[in-house]
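**Student:** Here's a structure for you.
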Amino acid sequence: MQLRQQNLDRLDGGTFDVLIVGGGINGAVSAAALAARGVSVALVERADFASFTSQESSNLVWGGFKYLENYELPLVWKLCTSRNQLMKAYPTAISEIGFLATLDKSAPFPAPLAGLGTLGYWIIGRFATKRPRYFRPKAIKKAEPVVDTSTAKGGIQYQDAYLKDNDARFVWSFVRSALDNGATVANYVSVSSATREDGTMWHASLTDEESGREMQLQARTIVNAAGPFVDGLNEGWGNHTDHRIVYSKGIHLIVPSLTDSDRVLAFFDDTGRLFYVIPMAHRSVIGTTDTRTDNPREGVTEEDRDFLIKQINARLDLVKPLTKADIISERCGVRPLVVENDGDDRTDIDWTTLSRRHALEVDVAKKIVTIFGGKLTDCLNVGEEVVEAIEDLGVPVGPEVPGWYGEAPDSERERFETEAATLGLDRRPSIERAGSVAEVLWRRHGVAAFDLLKEVAEDPSLGEEVLVGSDILRGELHLMAEREMVTRLDDFLRRRTKLSLVIRNDELGADPGMSEVNAAFGL
């Protein structure tokens, strides 16, 4: 808690070049990109970092294959470029993965056309992945016996990438980068009010949601990175924009593993929309849906569960059909989709044709930058555009600090794995899809994991799992308590790790190690 307290003290009475409101992927990458260029940044999030839309994704880093349906070639090109960049920057955390799409009567196009689409997708992606493949029904059954091929016309496999850990952990890496480069950051801090009274500085009143402490700061500019809530903030600040947000709800169900392969299974549901079976540690994730909603906090409904379970049971040849009793955990998020703010408040927009593009708007007079939409794959583009916008608003921007995103060089990782092996951390992990515990530690903590090795060398018990079958070591609790602003238990279980996604809550609650977890974070 000391790190958070230090940042609260720096916020109170501070003067900054930029105040970023919102700690999802857009706010986190903006803070990291700006701090890496010498800009003084304050980032506040009213809950925990990545605690809304950014923790509810499919954990995919992809170029938007489905956007080819609407001929959004420039967007697909841009997203593929970002995907390639992220795969190169995060070689252990982001991995290439195959998407095997089975085409049956529910597929909206024939197998040859789908095959042509995957070939075009591979070309747009500049051949950065393995080439696509065509599968006859018998080949699908051989590769994935769990797939029901009785009505299959064929299949295609194309390549994309996915996050081996969770999306929220990825967001945290940018928050940590911002901190490392001098940004002032705090979770559970809300903006009570923000006014531009003298024409030169924003005056913001903040509230620490944990203690009730009231704080004040000044900032030359504001970045509205509130995700689904950007419109409400802009309205409160009197900021009129050319874009607005509509919501599409997507859910995922986490169930016991349905296949042993490291492959995503793709199907078209009865409405012609793609949904997936995605690996997550020793579990499978089924989703996502695409439902129009006006309530960003709606959550998973019985109808949602019934729909997904019905769809997957109809497409897999399971010994025992899935039921709601098999659901280990659920994810539900709203995608903030960008539309024109033309004064028409109609709600009958065909959201299924809307992509996950982002839009940036700048109010020069008020010194506000608003980020609409976006997705994990596109994060580096968002960061760069925010830097340009802030510079255009008159804030001096210096040269970029190398390595503000991505993993350390391979030589450092190899040195870490060698040292970790001498401590027995080359053993296989309990649940994670990785070659060793050392690999898992590296992708979670990077060079900071060297500090963990020092502790384990002095006390071997710190190299043991703190929770049964969790792959979380006792020494990691110390590291996270010092570096990661874990303020509430859910921050640890849901966002800094994915434990509450892949282990049932009653099992976690009954684990004797939970007392050690709570003690480590002062909870």
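**Student:** Over every pair of different alpha-carbon atoms in region 3-50, take the mean of 1/r and invert it; report that Kirkwood radius in Å.
**Tutor:** 11.1 Å is the Kirkwood radius here.
**Student:** Starting from the Cα-Cα distance between T418 and S461, subtract it from 0.36 nm times their residue separation and give me the gain in nm to one decimal.
**Tutor:** That pair, T418 and S461, stretches by 13.5 nm at full extension.
**Student:** For region 227-283 and region 434-511, what is the separation of their Cα centres, given in Å?
**Tutor:** With region 227-283 and region 434-511 each reduced to a Cα centre, they are spaced 27 Å.
**Student:** Tally Lys and Arg at +1 and Asp and Glu at -1 over the other residues with C-beta under 13 Å from the C-beta of V401: what net charge comes out? Kindly include the intermediate steps, with their values, before the conclusion.
**Tutor:** On the way: positive: R37; negative: D180, E400.
Charge balance near V401 sits at -1.
**Student:** Something else now. Using a 1.4 angstrom probe and counting only protein chains, how large is the accessible area of W77 in Å², to 10?
**Tutor:** 130 Å²
**Student:** Still on this structure, I have one more. Taking the Cα centre of the chain as origin, work out the dipole magnitude from +1 charges on Lys and Arg Cβ and -1 charges on Asp and Glu Cβ, in debye rounded to 20.
**Tutor:** 1900 debye
**Student:** Place a +1 charge on the Cβ of each Lys and Arg in region 27-93 and a -1 charge on the Cβ of each Asp and Glu, then give the dipole magnitude about the Cα centre in debye, rounded to the nearest 20.
**Tutor:** 260 debye
**Student:** To continue, here is another question. Going by the alpha-carbon gyration tensor, a ≥ b ≥ c the square roots of its eigenvalues, is the chain rounded (a/c under 1.5) or, if a/c is not under 1.5, prolate (a/b greater than b/c) versus oblate? Walk me through the intermediate numbers first.
**Tutor:** Values: a/c = 1.66, a/b = 1.18, b/c = 1.40.
Cα axes put the chain in the oblate bin.
**Student:** Continuing with this model, one more query. Computed from the mean reciprocal separation of all distinct C-alpha pairs, what Kirkwood hydrodynamic radius does region 214-259 have, in Å?
**Tutor:** Result for region 214-259, one decimal place: 14.4 Å.
**Student:** Percent antiparallel among DSSP beta bridges with both residues in the chain, to the nearest 5?
**Tutor:** 75 percent
**Student:** For the modelled label position 7 Å from the Cα of D317 along Cα-to-Cβ, which residues of region 98-114 have backbone nitrogen atoms closer than 14 Å?
**Tutor:** none
**Student:** Continuing with the same structure: Write down the accessible area per residue of the chain in Å², having rolled a 1.4 Å probe over the full set of protein chains.
**Tutor:** I get 40 Å² per residue for the chain.
**Student:** Under a 1.4 angstrom probe, counting protein chains only, how are R220, R46, R315 ranked by accessible area, largest first?
**Tutor:** The most accessible residue leads, giving R46, R220, R315.
**Student:** Using a Förster distance of 25 angstrom, determine the FRET efficiency expected from the C-beta separation of D262 and E69, and round it to 0.05.
**Tutor:** Between D262 and E69 the formula returns 0.40.
**Student:** Report, by chain and number, residues whose modeled amide H sits under 5 Å from the one on D511, excluding near sequence neighbours (fewer than 5 apart, same chain).
**Tutor:** Sorted by chain and number, the residues that satisfy this come to none at all.
**Student:** At 7 Å along Cα-to-Cβ for each site, give me the label-to-label distance between A89 and N518 in nm.
**Tutor:** It is 3.9 nm.
**Student:** So if each residue of separation counts as 0.36 nm, and I subtract the Cα-Cα distance between E388 and L489, what length gain in nm does that give? Write down the numbers at each step before the final one.
**Tutor:** Details: separation 101, 0.36 × 101 = 36.36 nm, distance 3.72 nm.
Separation in residues times 0.36 nm, less the Cα-Cα distance, equals 32.6 nm.
**Student:** Right, next: Check the straight Cα-Cα distances from K105 and name the lysines below 30 Å, setting aside those fewer than 8 residues away within the same chain.
**Tutor:** By straight Cα distance, K105 reaches K66, K130, K138, K141, K142, K153, K249, K310, K320, K324.
**Student:** Please report the accessible area of K454 (heavy atoms, 1.4 Å probe, ligands and nucleic acids excluded) in Å², nearest 10.
**Tutor:** Surface open to solvent at K454 totals about 130 Å².
**Student:** Provide E209, E476 ordered by accessible surface of protein heavy atoms (probe 1.4 Å), highest first.
**Tutor:** Numbers: E209 90, E476 0 Å².
My answer, sorted largest first, is E209, E476.
**Student:** Probe 1.4 Å, all protein chains in place: accessible area of R126 in Å², nearest 10?
**Tutor:** 80 Å²
**Student:** Taking Cα centroids, how far is region 171-204 from region 72-145 in Å?
**Tutor:** Taking the Cα centre of each part, region 171-204 and region 72-145 sit 39 Å apart.
**Student:** Could you give the nm distance between label points at T200 and D270, where each point is 7 Å from its Cα heading toward the beta carbon?
**Tutor:** Placing both labels 7 Å along Cα→Cβ, they lie 6.5 nm apart.
**Student:** A further question follows. Let me test this: with uniform point scatterers at the alpha carbons of region 50-185, what is the Debye-based log₁₀ I(q)/I(0) at q = 0.12 1/Å?
**Tutor:** With no solvent term, the Cα-only Debye profile gives -0.57.
**Student:** What ranking of T149, T15 comes out by heavy-atom accessible area, probe 1.4 Å, highest first?
**Tutor:** Final ranking, largest accessible area leading: T15, T149.
**Student:** Another question about this same structure. Any idea what the alpha-carbon Rg over 2.2 N^0.38 Å comes to for region 1-95?
**Tutor:** Details: Rg = 17.0 Å, N = 95, 2.2 N^0.38 = 12.4 Å.
With N residues counted in region 1-95, Rg over 2.2 N^0.38 Å equals 1.37.
**Student:** Express the carbon and sulfur contribution to the solvent-accessible surface of the chain as a percent, rounded to the nearest whole number, probe 1.4 angstrom. Each step should come with its number before you reach the end.
**Tutor:** Working: 10500 of 20740 Å².
Answer for the chain is 51 percent, counting heavy atoms of protein chains only.
**Student:** Okay, next question. For the chain, with the dipole built from +1 on Lys and Arg beta-carbon atoms and -1 on Asp and Glu ones, taken about the Cα centre, which of N518, M201, C379 lies farthest toward the positive end?
**Tutor:** The residue sitting farthest along the positive end of the dipole is C379.
The values are calculated or read from the model by the stated rules, or taken from the named source; none is laboratory data. The shown structure was predicted, so the numbers you read here are calculated from the model rather than taken from an experiment. Ideal geometry is used to build each Cβ from the backbone, glycine not excepted, and the neighbour counts take in all protein chains shown. Keep in mind that these areas ignore ligands, DNA and RNA; they rest on the heavy atoms of the full protein, side chains included. Shrake-Rupley method; radii C 1.70, N 1.55, O 1.52, S 1.80 Å.
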